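Report on one structure; see the data block that follows.
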Amino acid sequence: VQLQASGGGLVQAGESLRLSCAASGRTFSSYVMGWFRQAPGKEREFVALISGSGGSTNYADSSVKGRFTISRDNGKNTVYLQMHSLKPEDTAVYYCAADSRFYSIRAGTAAYWGQGTQVTVSS
């Protein structure tokens, strides 16, 4: 599986962005998909994941829950991360990931990773 993340950019605090991650292959719906982020000088952290059918989601702690929404379109082989009310602390490189196992995504040990897209939030 090859993943291509896009949609990052420079926004002001309070604005919104939608990230996209396009996947190759014909078995997209069999993969759990996740979003992670890595801020400068910090470790990569889990943001959100979504099951293959899209029926189940899981989010990181209250820092993103309620502001970020993960979704997927299996017909387009794409997973999205809609981000609202962005804060300067959301500034990071955002990565998408894919794995057949929920646990691997949640643990950050997914088999497949995209190249990352930069999100910068100015105050």
Kindly provide the set of residues from segment 74-96 that are of a type in the set (D, E, K, R) and either touching a helix residue (DSSP H, G or I) at 6+ places or on another chain (Cβ under 7 Å) or open to solvent by less than 50 Å² (accessible area, probe 1.4 Å) (or both), ordered by number.
D90
G108 being open to solvent by 70 Å² or more (accessible area, probe 1.4 Å), of a type in the set (G, A, S) and not in a strand (DSSP E or B)
no
Taking segment 38-57 and keeping residues open to solvent by 50 Å² or more (accessible area, probe 1.4 Å) and either in a strand (DSSP E or B) or in contact with a Phe, Trp or Tyr (Cβ under 9 Å, 6 or more places away or on another chain) (or both) leaves Q38, R44, E45, S56, T57
Reported set for segment 1-37 where residues are in a strand (DSSP E or B), of a type outside the set (F, W, Y), within 23 Å of S104 (Cβ to Cβ) and touching a residue at least 60 places away in the same chain (Cβ under 8 Å) is L3, Q4, A5, L19, S20, C21, A23, V32, M33, G34, R37
For V64: the one exception among (1) among the β-branched types (V, I, T); (2) open to solvent by less than 50 Å² (accessible area, probe 1.4 Å); (3) in contact (Cβ under 8 Å) with a residue 60 or more places away in the chain
(3)
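The values are calculated or read from the model by the stated rules, or taken from the named source; none is laboratory data. What you see is a predicted model; the values in this text were computed from it and never measured. Neighbour counts run over all protein chains shown; Cβ positions are idealised from the backbone, glycine included. Keep in mind that these areas ignore ligands, DNA and RNA; they rest on the heavy atoms of the full protein, side chains included. Shrake-Rupley method; radii C 1.70, N 1.55, O 1.52, S 1.80 Å.
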